[in-house]
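**Q** This is the structure, below, for whatever I ask next.
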Amino acid sequence: MIVWLNGAFGAGKTATARELVDFMPGSTFYDPELVGNGLRMLLPRKRWEEVSDYQDLPSWRRLVVDTGAALIAEVGGPLVVPMTVLRQEYRDEIFGGFAARRIPVRHVLLHTDETILRERIAKREEIPGDTDASESVRRWCLDHLAPYRAALGWLTTDAHVVDTTGLTPRQTAAHIADAVRDGAGNCDIVQTPEPTAATLAAGVLLFDEDDRVLLVDPTYKPGWEFPGGVVEPGEPPMCAGVREVTEELGVRLDAPLRLLVADWERPQPPGFGGLRLLFDGDRLTTEAARELQLPGSELRGWRFVTESEAAGLLPPVRLHRLRWALRAREQGCPLYLEAGVPAGRPLDAATLEATLADSSAHPPVHPPAGPPADPAGVPRPAG
């Protein structure tokens, strides 16, 4: 088990975590900041100049999970983790990673009145004898008060909140130990094992009456997604898409689905890639959309979005897949993609973006170069 102590910088997470170890027999103190320090020595300076916080490094987020899992395998017992995480997508990635390894997470938020918090920060001496370095740390803490306030909406919903304003670290730790024993702070996240080989996945595009597409927000990984999931062994892909929509949204799709795109996703370590299918699930009525039901352990939200709005929610690989799927839907003919680009028509990124940007006026079915098109107007796949 992971007991994750979250909160503003200066909230007393580290001091409380060290006390909490005494109240939880067999537990181990685990500070992910050490992972960041190790990466600081390992990564090229140029890479560090590209980020403002080591939490922005995908390698840090993955190593936090891998190291935590290795520690539990080595020493057993719970890990007590003091670490501020204010970006919900990072919480999803890290906690989802632990869930994939069947390691439960208890999320506890140490909340302190901001006036008291500012007083604590002002007295903080991070590096004894180094006035400049300590002042730099104090500025860092103060600069992150606003992001903490902005994150309170999701933090207070996700975590067990402990008001530490009038408590010592030991009193706080005693309260947390009792709360954890009672099951407080449990993050009910679906356990999705990490792939060990290339996978076949089926997604379904559902539309509202204005032709906006439905996206869902998973709890176990960052970013928004299409409804759908991995095809089980021996399962027909279309049936998998129908099953996933029913499980995730409570919607039964009785009519056969129409394939829009088949997209080969290249392996990109640590991922294995695979084949991604997107089907057209047609329109949902306003009444049906109001009755969508989300499994709390898997999805936290949904929304209908335009193509331009989707650009701010989807990672590039899924955004390109969506854009070509929408073009295929307009043309009534499926497309075969490799790494998000129709096969047989190599395009550089700039050309692709320009083509997609102009898609509302000229759907990108005929790029300037490529193999001959079939009578339907869609180029034949290479080979």
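The values are calculated or read from the model by the stated rules, or taken from the named source; none is laboratory data. Everything quoted here is computed from the prediction, not taken from an experiment. So basically every Cβ, Gly included, is an ideal-geometry build from the backbone, and we count neighbours across all protein chains shown.
**Q** Determine which single condition Gly97 fails, assuming it passes every other condition in (1) closer than 25 Å to Glu19 by Cβ; (2) crowded, with 21+ Cβ neighbours inside 10 Å.
**A** With respect to (1) closer than 25 Å to Glu19 by Cβ; (2) crowded, with 21+ Cβ neighbours inside 10 Å, Gly97 is out only on (1).
Per-residue answers, yes or no, for (1) buried (at least 20 other Cβ atoms within 10 Å of the Cβ); (2) under 20 Å from Trp140 (Cβ atoms); (3) not aliphatic (A, V, I, L, M):
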{"position": "Pro32", "(1), (2), (3)": "yes, yes, yes"}
{"position": "Trp48", "(1), (2), (3)": "no, yes, yes"}
{"position": "Val51", "(1), (2), (3)": "no, yes, no"}
{"position": "Val64", "(1), (2), (3)": "yes, yes, no"}
{"position": "Ala69", "(1), (2), (3)": "no, no, no"}
{"position": "Ile72", "(1), (2), (3)": "no, no, no"}
{"position": "Val75", "(1), (2), (3)": "no, no, no"}
{"position": "Pro78", "(1), (2), (3)": "yes, no, yes"}
{"position": "Pro82", "(1), (2), (3)": "yes, yes, yes"}
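**Q** Could you go through the range 67-82 and let me know if any residue there is under 22 Å from Trp224 (Cβ atoms) and among the hydrophobic types (A, V, I, L, M, F, W, C).
**A** No, because not a single residue in the range 67-82 is under 22 Å from Trp224 (Cβ atoms) and among the hydrophobic types (A, V, I, L, M, F, W, C).
**Q** A further question on this structure: So His175 passes all but one of these: (1) modelled with pLDDT under 80; (2) crowded, with 16+ Cβ neighbours inside 10 Å. Which condition number does it fail?
**A** Unmet condition: (1).
**Q** Tally time: how many residues in the range 55-77 are within 22 Å of Ala184 (Cα to Cα) and out of contact with any helix residue (DSSP H, G or I) (no Cβ under 8 Å at 6 or more places or on another chain)?
**A** Summing the residues that are within 22 Å of Ala184 (Cα to Cα) and out of contact with any helix residue (DSSP H, G or I) (no Cβ under 8 Å at 6 or more places or on another chain) in the range 55-77 gives 3.
**Q** Right, something else. Give me a count of the residues in the range 134-161 that are over 17 Å from Arg120 (Cα atoms), in contact with a helix residue (DSSP H, G or I) (Cβ under 6 Å, 6 or more places away or on another chain) and surrounded by 16 or more Cβ atoms within 10 Å (Cβ to Cβ).
**A** Total satisfying the criteria: 1.
**Q** May I ask you to list the residues in the range 296-323 that are exposed (fewer than 14 other Cβ atoms within 10 Å of the Cβ), in contact (Cβ under 8 Å) with a residue 12 or more places away in the chain and polar (S, T, N, Q)?
**A** The one that is exposed (fewer than 14 other Cβ atoms within 10 Å of the Cβ), in contact (Cβ under 8 Å) with a residue 12 or more places away in the chain and polar (S, T, N, Q): Thr306.
**Q** Name every residue in the range 102-133 that is within 30 Å of Gly183 (Cα to Cα) and surrounded by fewer than 16 Cβ atoms within 10 Å (Cβ to Cβ), in order of residue number.
**A** Within the range 102-133, Arg102, Asp113, Glu114, Ile116 qualify.
**Q** For the range 178-207, give me the residue count where each residue is surrounded by fewer than 13 Cβ atoms within 10 Å (Cβ to Cβ) and either within 30 Å of Thr112 (Cβ to Cβ) or of a type in the set (Val, Ile, Thr) (or both).
**A** Within the range 178-207, residues that are surrounded by fewer than 13 Cβ atoms within 10 Å (Cβ to Cβ) and either within 30 Å of Thr112 (Cβ to Cβ) or of a type in the set (Val, Ile, Thr) (or both) number 6.
**Q** Next question. In the range 293-326, which residues are of a type in the set (A, V, I, L, M, F, W, C) and more than 15 Å from Val341 (Cα to Cα)?
**A** Correct list: Leu294, Leu299, Trp302, Phe304, Val305, Ala310, Ala311, Leu313, Leu314.
**Q** Any residue in the range 224-233 that is under 20 Å from Glu287 (Cα atoms) and either among the β-branched types (Val, Ile, Thr) or surrounded by 21 or more Cβ atoms within 10 Å (Cβ to Cβ) (or both)?
**A** There is at least one residue in the range 224-233 that is under 20 Å from Glu287 (Cα atoms) and either among the β-branched types (Val, Ile, Thr) or surrounded by 21 or more Cβ atoms within 10 Å (Cβ to Cβ) (or both).
**Q** Right, next: If you check Leu260 against the conditions, is it in contact (Cβ under 8 Å) with a residue 40 or more places away in the chain, hydrophobic (A, V, I, L, M, F, W, C), crowded, with 19+ Cβ neighbours inside 10 Å and touching a Ser or Thr at 6+ places or on another chain (Cβ under 9 Å)?
**A** no
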